[in-house]
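Asks: This structure is in structure tokens; I'll ask about it shortly.
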């Protein structure tokens, strides 16, 4: 009888191993769900600073995973500020000075609008499989959803985060939580994604809470007000000339 | 009696010359080193006060805790009303708002693209208000190398070294890239109207000086200031007065609110406390060492003199002179030697210090990576304290030396004197 129980347990464990996808498979499914040829996103960034909470509204046109054009709509001080990302280059345009400045070097580590996100975060390749090797290390529940826990280790030099832990919804393949670590193993940032909605056949978390754990404050909420996938994008947006228009 | 002893000293130079020279040399060294160290201390204090912390500094408690990071997100808000209250309540001092900030100065080419860029250490100071103490405090007119001082909003001064590095001439526009109070990127255009050289390494490397109102606008700090600085009207640091002003202010503003104002003295705000204690300890040790070393040398000189004057003292004892009288006479002699040596040493020491007060020593090459606010040309400082500091130890060392070496007089046995004299 005891042998039969042992055999049954072995079979069950074997079945679980067979069901567990590889890390690369999980990332591929995440990419498939999250990324499109183009996206137009209107979003709010609610920045909970040490002394005040500010809300910054922006509209972003994204082409593939490499190019993006963003215009800030509010508050008044930021209105008209634009950002352009073309591949590995990033520029910002300030209407007050009528200057277009390339953001590079140490400036990339600066906070975006005082939020918990840095320009470096904006510059990283969103397709994690390109930069990290992935391994599924277990299952956990996040916000009542069963998730694969995926450990990511950098496979290219110079990344802002050497390792990451990702909690991916096992059914919808949407990341629900992410912890980002430095080379030293120190936790740098946490991201909690929630309010997952279905948009054009894709599962989209419309609320994210970013926390730079090295900063004081209650983090930065990123709220997607509207998102459109595979929309036609005006080509002129993705040039430096568009910044001053 | 004293005249008799002085005549003896003058006529028998072997009794006076060596001790006088020893005392003079020791006193000269003490006076000179004291004046030099006080000069260096004053330079560090003044430069730190002018460019960093004032003699008193009011910030928020949270800012004070992280002041070395220039956390402008923790700056004082409602600075105008606090400034008015300080000017009324502590009217012995001059009060002025300051914003220190970091950033990049970006120089555009003809097409508006970045031609050159360099990090700057920014200082927002009250340049334009009538009667502002800042231009005089920072000695801007004397520091001006090219161009002119700012006369209206939007005009800045930058260090001459930075201007040369960026190839910027007065009249050109440059863009400050910094951070607003809330941490967002801030861009603001300024016209460089002049270049300055302060002779203070960290400022000369990459300083940018703008009117505080321009900096408030650029960094989104409406009616804000990183700090309100207080300066004594004679531009000297009066520690006791500073301590009592800070105690008064902090008692009146006791609060657990991290954004409540707190007043700190230069010693607390600048992190110079250890340095100031170190200078005081070195000067104390110097004077103590001088007294000890001089006493030993003069004791030795006294012993040698006693040996040489063995016969003379023997005769004086033999003819019935009291041992105490001879001992006192030697002490009076030592006072005379001490006075002459100390006067001579003080005069030479003060002369050398005065020379270095006027001319100074340029240590710029040694301070290449220095981050401390101190002038490149270090100068001695001749003060009343420097004039007095060597005098007492000079006199004390001579009397101590004579006192110790003279003890042997009491050991001479009168019964043995004639045998000794015969021998």
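Asks: In whole angstrom, note down how far apart the Cα centers of the stretch A:215-240 and the stretch A:80-100 are.
Replies: 15
Asks: Consider a paramagnetic label point 7 Å from the Cα of residue B:282 along Cα→Cβ; state which residues of the stretch B:324-363 have an amide N under 16 Å from it.
Replies: Backbone N within reach: B:361-363.
Asks: Take the alpha-carbon positions of the stretch B:109-192, form their convex hull, and give its projected area averaged over all directions (one quarter of the hull surface) in nm².
Replies: 6.4
Asks: Another one. On full extension of the chain, what length is gained from residue A:53 through residue A:20, given 0.36 nm per residue of separation minus the C-alpha to C-alpha distance?
Replies: That works out to 7.7 nm of additional length.
Asks: While we're looking at this one, here's another question. Which ordering of B:53, B:132, B:182, A:184 is given by a fewest-first count of other beta-carbon atoms within 10 Å?
Replies: Fewest-to-most ranking of B:53, B:132, B:182, A:184: A:184, B:132, B:182, B:53.
Asks: Here's a follow-up. Ratio to report: Rg/Rh of the stretch B:87-141, with Cα atoms as the point set and Rh obtained by the Kirkwood method; give two decimals.
Replies: Reported Rg/Rh (Cα atoms, Kirkwood Rh): 1.18.
Asks: Largest first and in whole Å, what are the equivalent-ellipsoid semi-axes of the stretch A:105-206 based on the Cα gyration tensor, each being the root of 5 times an eigenvalue?
Replies: In descending order, the three semi-axes are 24, 17, 13 Å.
Asks: What's the exposure ranking of B:137, A:102, going from fewest to most Cβ atoms within 10 Å?
Replies: Going from sparsest to densest Cβ surroundings: A:102, B:137.
Asks: Under a 10 Å cutoff between Cα atoms, tell me which one of A:122, A:83, A:107 has the largest fluctuation in the Gaussian network model of chain A.
Replies: Per the Cα network of chain A with a 10 Å cutoff, A:107 tops the list.
Asks: What value does the stretch B:56-236 have for Rg/Rh, both radii from Cα atoms and Rh as Kirkwood defines it?
Replies: 0.96
Asks: Given the C-alpha atoms of the protein assembly as shown, compute the convex hull and give its volume per residue in Å³.
Replies: Output value, Cα hull per residue: 273 Å³.
Asks: Compute the long axis of helix A:23-34 from its Cα atoms, compare it with the longest principal axis of the Cα atoms of chain A, and write down the angle in degrees, 0 to 90, nearest 10.
Replies: 40
Asks: Between 0 and 90 degrees, rounded to the nearest ten: what's the tilt of helix A:2-19 against the longest Cα principal axis of chain A?
Replies: 20
Asks: Okay, moving on. Which value at 222 nm does the protein assembly as shown reach when only helices count, each DSSP H run of 4 or more adding -39,500 (n - 2.57), with the total divided by all residues and rounded to the nearest 500 deg cm²/dmol?
Replies: Rounded to the nearest 500, it is -12000 deg cm²/dmol.
Asks: So, one more: Sort the stretch A:29-99 into rounded, prolate or oblate with this rule: let a ≥ b ≥ c be the square roots of the eigenvalues of the Cα gyration tensor; rounded if a/c is under 1.5, and if a/c is not under 1.5, prolate when a/b is larger than b/c, oblate otherwise.
Replies: The shape class here is oblate.
Asks: With a ≥ b ≥ c taken as the square roots of the eigenvalues of the C-alpha gyration tensor of the stretch A:202-245, please select rounded if a/c is under 1.5 and otherwise prolate if a/b is larger than b/c or oblate if it is not?
Replies: The shape class here is oblate.
Asks: Between residue B:139 and residue B:238, what FRET efficiency follows from the Cβ-Cβ distance if R0 is 25 Å, with the result rounded to 0.05?
Replies: The pair residue B:139/residue B:238 has a calculated efficiency of 0.75.
Asks: Could you work out how far helix B:323-359 tilts from the main Cα principal axis of chain B, as a 0 to 90 degree angle to the nearest 10?
Replies: 30
Asks: What is the order of A:215, A:155, A:245, fewest Cβ neighbours within 10 Å to most?
Replies: A:245, A:155, A:215
Asks: Something else now. First check a/c for chain A, with a ≥ b ≥ c the square roots of the eigenvalues of its C-alpha gyration tensor; if it is under 1.5, answer rounded, and if not, answer prolate when a/b is larger than b/c or oblate otherwise.
Replies: The shape class here is prolate.
Asks: Let me know the mean shielding of A:85-98 by other chains, meaning the per-residue number of their Cβ atoms within 10 Å of its Cβ.
Replies: For peptide A:85-98, the averaged partner shielding equals 3.
Asks: Order A:198-207, B:393-402 from most to least packed using the mean count of other Cβ atoms within 10 Å.
Replies: B:393-402, A:198-207
Asks: Debye sum, Cα scatterers, chain B, no solvent: what log₁₀ I/I(0) at q = 0.08, 0.09, 0.11 1/Å?
Replies: -0.60, -0.68, -0.85
Where a number appears in this text, it was derived from the coordinates with a stated rule and is not lab data. All values derive from a computational prediction rather than experimental measurement. Glycine gets a Cβ as well: all are built from the backbone with ideal geometry, and neighbour counts include every protein chain shown.
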